[in-house]
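First up is the structure itself, then whatever we jot down about it.
Nothing in this text is a laboratory measurement; each read-out follows from the coordinates by a stated rule. Because the structure is predicted, anything quoted here is derived from the model rather than measured. Cβ: placed from backbone, ideal geometry, glycine included. Neighbour counts: every protein chain shown.
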Amino acid sequence: MRKSLVALSVLAATALPAAVNAADYSDDIHKNDYSWSQFNLMYAFDELPGESSHDYLEMEFGGRSGIFDLYGYVDVFNLTSDPDSDKAGKEKIFMKFAPRMSLDAVTGKDLSFGPVQELYLATLMEWGGNSGVNSQKIGLGSDVMVPWFGKVGLNLYGTYDSNKKDWNGYQISTNWFKPFYFFENGSFISYQGYIDYQFDMKDEYSTASNGGAMFNGLYWHSDRYAVGYGLKAYKDIYGIKDSSGFKSSGVGHYVSVTYKF
């Protein structure tokens, strides 16, 4: 059954006791199926590393089908192929797919405990064009109930770099979506974002052994549209040590207009 992203996000962010929200697959593993997709027209200011400012179109999607939970997006940069763009002559497309397989559904057991609602075998695949990013991550995922935030995704991965044919450290990732101000017409303001933090990266592949980013977004949502601003804080992103010659720590800014399908 298809549900709107707004309705699903409000449900996901509503903080109820963990025992009430524990995953239940005792009768039908497809009873909570849903899907969503949207197009985000975005502009980045001083994106790191390298302080790049550019436009891009993001095709974002996700949902649930039986034992599988999915999130992903495809970014297309420099839409007008402007030769003066920061992205001119660079990767045109970047893709991220993050399927998770519910261990509760696979085993038929309630694996919840404390604030943890559900456990997953979590994967994350990232690809860029040409000789760019080509990495796969695998590990343990979870949905956790957090005060005020509601349901938060929390995943720990080991990272395999397919370009280097070697394992290279770990990544911890979390994401959240919290509606906190509602208007009479049903639209609302949300605080949404994520943290991706890599650590224990190898010296031969990285100039910094750890680094990451935190995205903090304020968005207005209706059933069909969203408009938002995000501030992204970086620290030695991708294991690149910040330097006077190449900036990898600091802040970037993002604005977006969204249409929801």
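What value does the range 5-260 have for Rg/Rh, both radii from Cα atoms and Rh as Kirkwood defines it? All intermediate terms of the calculation are to be shown ahead of the outcome.
On the way: Rg = 18.9 Å, Rh = 19.5 Å.
A ratio of 0.97.
Contour minus end-to-end for A88 and Y181, with contour as 0.36 nm per residue of separation and end-to-end as the Cα-Cα distance? Spell out each step's value before the answer.
Details: separation 93, 0.36 × 93 = 33.48 nm, distance 3.98 nm.
Gain in length upon complete extension: 29.5 nm.
Between the range 202-240 and the range 117-152, what is the separation of their alpha carbon centroids in Å?
14 Å
Scan the chain and report its longest stretch carrying no GluC sites (Glu not before Pro) that are both in a DSSP loop and have at most 12 other Cβ atoms within 10 Å.
Numbers: sites that count: E184, E204.
The longest such stretch corresponds to 1-183.
For the range 244-261, in order, what is each residue's ³J(HN,Hα) by Karplus, 6.51 cos²θ - 1.76 cosθ + 1.60 with θ = phi - 60°, in whole Hz (x at glycine and Pro)?
Coupling constants for the range 244-261: 5, x, 8, 7, 10, 10, x, 10, x, 10, 9, 10, 8, 10, 10, 10, 9, 8 Hz.
At 0.36 nm per residue, minus the direct Cα-Cα distance, what do K241 and N163 gain on full extension? Give it in nm, one decimal, please.
Numbers: separation 78, 0.36 × 78 = 28.08 nm, distance 2.03 nm.
The span from K241 to N163 would gain 26.0 nm if fully extended.
Could you give the semi-axes, largest first, of the ellipsoid that matches the range 110-237, computed as the square roots of 5 times the alpha carbon gyration tensor eigenvalues and rounded to whole Å?
Details: eigenvalues 191, 75, 34 Å².
Semi-axes, largest first: 31, 19, 13 Å.
From Cα pairs below 8 angstrom and at least 6 apart in sequence, can you work out the relative contact order of the chain, rounded to a whole percent? Mind showing how you got there, number by number?
On the way: 700 pairs, mean separation 44.7, N = 261.
Across the chain, relative contact order equals 17 percent.
Tell me the mean residue ellipticity at 222 nm calculated for the chain from its helices only (DSSP H runs of n ≥ 4, each -39500 (n - 2.57), averaged over every residue, nearest 500).
Values: 3 runs with 18 residues, N = 261.
Helix contribution divided over all residues of the chain: -1500 deg cm²/dmol.
Just to be sure I understand the model, the point goes 7 Å from the Cα along the line to the Cβ. What's the resulting L79 to H30 distance in nm?
Going from the L79 label point to the H30 one covers 3.6 nm.
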